[in-house]
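Presented below is the structure to which this report refers.
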Amino acid sequence: MEKTEGRAEGRKANQLRKYACTRNPLGRAHGSARWEQGDTVVVAAVYGPRPGTRKGENPEKASIEVVWKPMTGQSGRQEKEYEMTLKRTLQSICLLTVHPNTTTSVVLQVMSDDGSLLPCAINASCAALAFAGIPLKHLAVAIGCGVLENGDVILDTSKAEEKQLKSFAHLVFPNSSKSVDLKESQQKDGQSERGLITSITHGVMSEEDYFNCIERGLAASSRISDFLRTTLQKHTPDYL
Amino acid sequence: MESKKPLRSAFVDDYVVPGDVILDLADMTNQTIKLGAGLRQDCDTIQVTSAGRLRLSKPNKYWVENSQKRYIPSVEDTVLGIVVDTKPDNFLVDIKGPSLAFLPVLSFEGGTRRNIPKFEIGTLIYARVVKANSIMNPELSCMDAIGKAAEFGQLKNGYTFETSTGLARMLLSSPTCPLLEALGKKLSFEIAVGLNGRVWVNAPSPSNVILVSEAIKQSESFNRMQQRSMVEKLLAKLA
């Protein structure tokens with residue numbers, strides 16, 4: 001029987017692996033970030049905004065193109081699916097009307113994969129976009145949740161866990177933002193109104209399990225959101 | 001009287017990230033607020049779109065200060081551009097922004113159809129941004145507001161390199177930044193800094209050029225205090 005205490009390295013159900021973010025590891029890219037979650041490492045590079053859009057894209061908006069490079073082997077269908085997911089997610093957080101008729105390219109390189117690859121890639125590309133100064137509506141924070149046999153939800157699944165679970169989900173939330181007191185909002189209501197940007201599920205899970213995942217994911221996303229905020233602040237140059 | 005007092009954001013001089021709401025306009029009536037880079041209005045709130053420090057210039061101008069490799073053109077900035085193409089009416093100039101800038105062939109002092117300057121591809125130009133909005137290509141000019149040349153135009157010889165926009169702003173700050181002051185005491189050189197993150201250095205001897213450019217490139221990561229000691233170390237190595 002699977003117990004939540006039985007996770008590798010004694011991790012609890014709600015405990016995330018150690019995460020780290022490096023600012024602009026790539027000198028030539030206009031913005032880049034290396035995001036690590038445990039042993040899963042993804043490097044994202046952003047080039048842009050560059051003049052001109054590709055054929056077929058709307059010239060009244062900026063367009064985003066995503067290239068996903070796997071760790072080994074050639075790009076296949078799985079990579080195309082990741083590219084499409086990432087493109088839709090990033091399109092919803094970027095302000096596309098600020099620089100019409102430009103292209104922003106995001107290139108992702110998987111350095112090592114130990115589960116929760118898509119959330120790690122989304123976090124890396126969001127950080128890279130912020131470092132490059134691309135105008136964003138808000139930041140995106142991604143987290144992977146898995147559902148155990150007994151209905152418990154575990155966060156930040158590793159590869160071994162993903163193989164054994166009957167279903168897991170990758171969820172992307174907007175970040176928790178600082179704001180001056182708006183008349184209608186209160187802290188708790190504000191949280192549940194934040195909404196979901198992207199949700200990719202694998203396997204079969206019940207409605208209740210899915211909503212459980214969302215709740216746990218939302219709570220954990222505020223931790224990652226705070227971490228992203230301190231990382232962005234920590235790396236600003238001193239002369240500013 | 002509540003409506004007359006300008007509402008000041010609680011986050012001035014704080015670090016903000018995209019999505020933060022810095023002002024709520026529902027309380028304010030009949031007041032003008034000017035928004036600079038990195039901010040946008042969303043119904044009744046002002047939201048941040050780029051990560052950086054929120055600044056306020058009294059009485060009512062807000063902007064987000066950050067440092068990037070790319071440049072967002074804004075009017076009255078002086079930039080260093082590189083010619084990439086020539087057309088009958090304009091030179092197409094790359095200023096490290098989202099789109100190429102146009103430099104009309106007549107916007108030089110005493111410019112007429114008969115004495116159009118011949119700029120080849122790759123020429124470095126020091127110019128002023130005259131028109132900049134998100135929809136059109138930005139427009140440059142090699143004249144100041146009165147119509148005089150005022151040091152705008154082609155920069156010959158020397159060495160060009162790229163920096164971030166924040167470093168360029170620091171080099172142009174007044175009073176003179178400690179880096180340039182310390183270098184200027186010992187070496188003779190001339191320098192042109194574009195707010196778009198391009199710097200041109202020229203000096204009689206190549207070693208001076210290399211020293212100055214290396215000192216500037218390395219100060220990306222130093223604060224004002226450390227810059228002076230870094231320059232002194234560099235100069236000591238030479239002597």
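The values are calculated or read from the model by the stated rules, or taken from the named source; none is laboratory data. Computed from a prediction, not measured in an experiment: that's the story for all the values here. In this analysis, Cβ positions are derived from the backbone assuming ideal geometry, glycine residues included, and neighbour counts consider all displayed protein chains. Surface areas here come from the heavy atoms of the whole protein model, side chains and all, with no ligands, DNA or RNA. Shrake-Rupley method; radii C 1.70, N 1.55, O 1.52, S 1.80 Å.
Roughly how tilted is helix B:206-218, in degrees to the nearest 10 and between 0 and 90, from the longest Cα axis of chain B? It works out to around 20 degrees. Exposed loop sites here are trypsin sites (Lys or Arg not before Pro) assigned a DSSP state other than H, G, I, E or B and surrounded by at most 13 other beta carbons within 10 Å; excluding them, the longest clear run of chain A is A:56-165.
In segment A:1-103, which chymotrypsin sites (Phe, Trp or Tyr not before Pro) are in a loop and have at most 15 other Cβ atoms within 10 Å, using DSSP for the loop call?
Numbers: sites: A:Tyr19, A:Trp35, A:Tyr47, A:Trp68, A:Tyr82; in loops: none.
Here no chymotrypsin sites (Phe, Trp or Tyr not before Pro) fit, given the DSSP loop and packing criteria.
Distance between the pseudo-spin-label points of A:Ser112 and B:Lys185 (7 Å out from Cα toward the beta carbon): 4.9 nm. The value of relative contact order for chain B, using C-alpha pairs under 8 Å at least six residues apart, is 14 percent. When B:Cys43, A:Cys213 are compared by accessible area at a 1.4 angstrom probe, the order from most to least is B:Cys43, A:Cys213.
What average number of partner chain Cβ atoms lie no more than 10 Å from the Cβ of the residues making up B:20-29?
Mean shielding count: 3.
Neighbouring Cβ atoms from other chains, within 10 Å of the Cβ of residues in B:65-73, number 5 on average.
Exposed loop sites here mean GluC sites (Glu not before Pro) with a DSSP loop assignment and at most 14 other beta-carbon atoms within 10 Å; chain A contains its longest site-free run at A:61-148. B:Leu35 sits among other residues whose Cβ lies under 13 Å from its own Cβ, and their net charge, with Lys and Arg +1 and Asp and Glu -1, is +3. Given a 10 angstrom Cα cut-off, can you work out which residue in B:Ala168, B:Ala127, B:Ala26 is the most mobile in a GNM of chain B? Answer for the Gaussian network model of chain B: B:Ala26.
Among all stretches of chain B without exposed GluC sites (Glu not before Pro) (DSSP loop, at most 13 other Cβ atoms within 10 Å), which one is longest? Walk me through the intermediate numbers first.
Details: sites that count: B:Glu76, B:Glu120, B:Glu151.
Looking at chain B, B:152-239 is the longest stretch - no exposed GluC sites (Glu not before Pro) with at most 13 other Cβ atoms within 10 Å.
For A:His30, the accessible area of its heavy atoms, probed at 1.4 Å with every protein chain present, is near 30 square angstrom.
For chain A, A:Cys21, A:Cys94, A:Cys120, A:Cys126 stand unpaired, since no other cysteine beta carbon lies under 4.7 Å from theirs. Applying a DSSP loop filter and a limit of 11 other Cβ atoms within 10 Å to the trypsin sites (Lys or Arg not before Pro) in segment B:120-151 leaves B:Lys148. Within the full protein context, the accessible area of A:Met71 is estimated at about 100 Å² for a probe radius of 1.4 Å. When chain B is treated as a GNM with alpha-carbon contacts under 10 Å, the residue of B:Arg114, B:Arg224, B:Arg169 showing the greatest mean-square fluctuation is B:Arg114. Within the listed set B:Ala215, B:Ala203, B:Ala150, the residue fluctuating most in the Gaussian network model of chain B (springs between alpha-carbon atoms under 10 angstrom) is B:Ala150.
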